[in-house]
Structures are given as C-alpha cells and as structure tokens.
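Written below as structure tokens is the structure these notes are about.
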Amino acid sequence: MSSQFSYELDERQIRLLMQDAELEFDSAAWDRFEQTVVTETKSQLHTFTPKINFAISRSVIVPAIFIVLIGGLSAMLFSFVDFKKKDTVIKEMPLIPAPQKAKPSTIATPVKKETVTSAPPSKPAETKVAIMPSVAAVVKNPEPKKEEKTVVASPPVKQKAIETLVEKPVILAVQKKKIIVIPVSPRRRKKSTYEEIPTIQASSSNLNAENTTEPELELK
Amino acid sequence: MSESELISACLKNDQTAKKQFFELFYSKLAYISLRYSKSKSQSSQIILNGFGHVFNHLNAYKSQKKYTLEEFVKTEFIFFTVKHIKSIRNEYYVASTVRAVENKETTYDLFLDNQLIDLKNISEDVVLKSIQQLVPSQRLVFNLHVIDNYTLESMSELLETSVQTIKSNLEKARFNLQKSIEKNLKMEKDEQPI
C-alpha cells in the first residue's frame, strides 16, 4: 500500500447501505431448497458413516504430532543403545583380581577341600578326588595292602584318611610328582636279561600207548 | 402463526411452517450471502445450504435468550457462510497470498480525466460488486468487521487466525475496496449514455 493512500470511504454509510439491503423473494428458491433437502436426506440414509468432529485447534494437533514423532524417533534410538551392558562392565571391573593376589587364592584351596569332606560321602566325584592321593600313598608306603583294606572296608576310615590327606596337601602334590617322574625307559627293557625257560623233553611221542591200565568204554 | 409456534412447527418438520420461515428470512439472508460470496452462483449454493444449517440449529434458539429470532438466524447463517467460504481452501488460502498479474495497465488516478468521484454517494450495487471483487480472506474480514459489527477477537475465534492477521487483512481490504469502488464508478460513468 502506498503511503499517499488516504482512506475516503465512509464505513458508516456502507454499513447502513448493506445491513438493510434485501433481495426480492424468488419463488423458485424454495423448490430448489426442497430438492436439495430431499437429496441430502437420501444421501444421508445411504451413507451410515458417522461424522466425528473433534473441536481441536491446529495449535494443539501440530505440536502433538511433533511430540509423537520426536518421541518415536528417540525410542527407536534408545532401542539400539543398550545401557544395561555398560553398567555390568563397570561393576565387573573392580572384581578382576590383580596378578599378585592370585597366588594366595590358589594356596587357599585346601580350605575349600575341607568343605568338600564335610559333605556326605555318597557323592562319587568327591570320593574320587580323595582316593587318588591315597593310591599315591600306597605306592610309597611299605605296607600297601593294609591301607587298601582300610579304605575299601570302612567308609569312616576313608573319611579319616581323606582328612589326613587334606591336612597335608603339599605332600600329596609331591607324591604325585614323584609318580609322574618315574617312567620306565624303553632302553632298560632292552638291556634286561631274559631267563631261558627249560624245555621239557617228552619220553614218548604217543602218550596213549603207555596208559594201558585205563578201562576202555564198552560200546553197546 | 406466532414466532414460537413457527419454530416448534419447523422443529416438527412441518413443510408449510418451513416454507413460511424460508419466505420470512430469504431476502435478508440472500443479500448476506451475496456480500460474502464472489458470485451469484456461489451465493445461491450458500443460501440453500445455509437455510438447512439454520433449520438444524433451531433447537439452540429455544435454549438461549440472548438473541432475537432474526439475530439468531442471521448469526447462524453468517457462521455457516464463513465456514463454507473457508472450506473452499484452494480459493481461500491461495487467493489471499497470490494475485494474478494482469497485462492491462490500470491507472487509478482520479484526476486523469478531470473527473471527480464522490465516494460518499455510492450506489448499493457498486459497493456490492466491489466487495465481491475482494480476495476471500479480505472480503470476510471486511464484511464481518465493517458491516456486521464483529469485534477483532470474535473474528479471530471464528476465522481461527490471529488478531494481527485480521488487522492486516482489514487494512488491505480497505485499500483494495476503495480502489475497486473508484474503478467501478468510473466504468459506470463511461457506460452511461450521453
């Protein structure tokens, strides 16, 4: 609009002119109105779809749509990122033992074995662990047979033996080592002298000829 | 038939009462529709649908005591007309932003032919024609505010736009209306036989 524009219209006059103005009645208008009403009612009867009008303004709908979109996208992104795993890693880090502290934990193993002995003897795995050193002890012991008998015959004795073995774990380990270290070398086997077995010389080739005293079976 | 009897008969779907009601308010409502629409064909469509809207909302008249029957019918009809014009979106929104450029060189210099145009004595038809030539958004605003005495706030609620937009549309409408009135008056004078 130009700056030189001056509004010269008398709005009050225009209002008076237009407010009271009327059109001449058209008789055909009523017929047209009736026709439109009839067609509208017919179309309404045919279409049973209910008209739902929500009086929600644009200023509400548009931000709501944006919020939903942003929320959906952020939810998608969160689904890709797993925060729980990170937490577990952080928790596990202090639990990792230092290399210097590892050795005492291995020394402390005999204490664990005590707990194993306290368990009922019916468990096969525990008995095996206990028996293995006892077998080693048999190898070194000058009286092996007696020990074996005690182990097999009475379970309480076995328990006692296990307890004694558990109390001295270091010795058992040494005995094991000794067993492993003494292998029989194949050269010694070659050097070992073979004893010659004396052959028995038969007096006669036919043995049946000498046994004449035996009664013969009578055939019917 | 009294006013209340007429309304109750219309609510009972009495065709004679409806015809009477139609005849009673047709001339006024037809002119309102002409003011708000761009052409006669559009106004005739608005009249038919607008009367249907008024008949459907006659129930609301009984429950209120704010308006007289004429005022109630007029406000309901204007409400429907505004919604109808706004519903023609390609016309309402595009025309308010884009204006076709004509090749013809138009001059609105009032003193070009040494002719003085008196804007205070304008005929009804010229004003109506000039209003119809306005862009839909400007036409609505001018009709509502200047002729039908709507406040800016009530217009912003009805048109679902801000008061600032209405104000700017009103300013444009005033400028364009004056120019189109000048143009139409000039054309009228030229067409008159000597």
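None of the figures in this text is laboratory data; all of them are computed from the coordinates on show. Treat the numbers as computed from the prediction; the structure is a model and nothing was measured. Note that we place each Cβ from the backbone using ideal geometry, even for glycine, and neighbour counts take in every protein chain shown.
First measure r as the distance between the Cβ atoms of B:GLU91 and A:PHE83, then evaluate 1/(1 + (r/R0)^6) with R0 = 56 Å and state the FRET efficiency to the nearest 0.05.
Approximately 0.55, to the nearest 0.05.
On full extension of the chain, what length is gained from B:LEU69 through B:LYS40, given 0.36 nm per residue of separation minus the C-alpha to C-alpha distance?
Contour length minus Cα-Cα distance gives 7.8 nm.
May I ask for the longest run of chain B untouched by trypsin sites (Lys or Arg not before Pro) that are loop-located per DSSP and have at most 16 neighbouring C-beta atoms (other than their own) within 10 Å?
Values: sites that count: B:LYS12, B:LYS65, B:LYS66, B:ARG99, B:LYS104, B:LYS120.
My reading of the result: B:121-194 is the longest stretch.
Can you give the convex hull volume of the alpha carbon atoms of chain B per residue, in Å³?
161 Å³
Using a Gaussian network model of chain B whose springs link C-alpha atoms within less than 10 Å, name the residue from B:ILE47, B:ILE122, B:ILE32 with the highest mean-square fluctuation.
Of B:ILE47, B:ILE122, B:ILE32, the most mobile in the Gaussian network model is B:ILE122.
Say each of A:ILE70 and B:LYS179 gets a label point 7 Å from the Cα, pointing the same way as Cα to Cβ; how far apart are those two points in nm?
In this crude label model, A:ILE70 to B:LYS179 measures out at 4.2 nm.
How many nm is it between the label spots at B:GLN133 and B:HIS57, if each spot is 7 Å from the Cα in line with the beta carbon?
It is 3.2 nm.
For chain B, set up a Gaussian network in which alpha carbons nearer than 10 Å are linked by springs, and say which option among B:ALA17, B:ALA60, B:ALA173 fluctuates the most.
Result: B:ALA60 has the largest fluctuation of those listed.
Using the Cα centre of segment A:1-40 as origin and beta-carbon charges of +1 (Lys, Arg) and -1 (Asp, Glu), tell me which of A:LEU9, A:TRP30, A:GLN19 is placed farthest towards the positive end of the dipole.
A:LEU9
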